[in-house]
């Protein structure tokens, strides 16, 4: 198979598309769409988001030390794109996208009510990398929508219609291919 040699670039796709909510005390809440977000540690639970310093939310997160990662579903895809191209300096994204802010439980910034999972985070470190700065944060709380809980108390995350971002496009997650460990499971 022939391959082309390209200059170095971020081609690690797909990645989760998430909406990050934040708020300064006494000001309107804001939402920024992030594609550079990920799990970095399980104990303690920690995540990272990378944000360009010129983004409106950057200073809010840096000053308050808090943010909430809101997972995105197919129903939220349009709002996710909007919140990534419009600035909170100019518009109230919650109002424009008819989203509802719900109070944080462990942080003072809101979550997005329509999101099936809200991951509340407190910044532990900011790493200045270049075009983006990485906020390394501890997960201090997670809220799960009752809508996706089954009778046994299991959260059916994969039935929420999660969205991924790949090379400038949004995709709904597709068919299940296997389960962790299926490659070595005895038949």
Having 1 or more residues that are free of Cβ contacts under 8 Å to residues at least 60 places away in the same chain and more than 24 Å from residue 80 (Cα to Cα) is the bar; report the strands (runs of 3 or more DSSP E) wholly within region 103-187 that clear it.
117-128
Of the candidates 160, 80, the one satisfying the condition of being buried (at least 16 other Cβ atoms within 10 Å of the Cβ) and within 24 Å of residue 62 (Cβ to Cβ) is 80
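Computed from the coordinates by the stated procedures, all read-outs in this text should not be read as laboratory data. Just so it is clear, the structure is predicted and the values come from calculations on it, not from any experiment. Glycine gets a Cβ as well: all are built from the backbone with ideal geometry, and neighbour counts include every protein chain shown.
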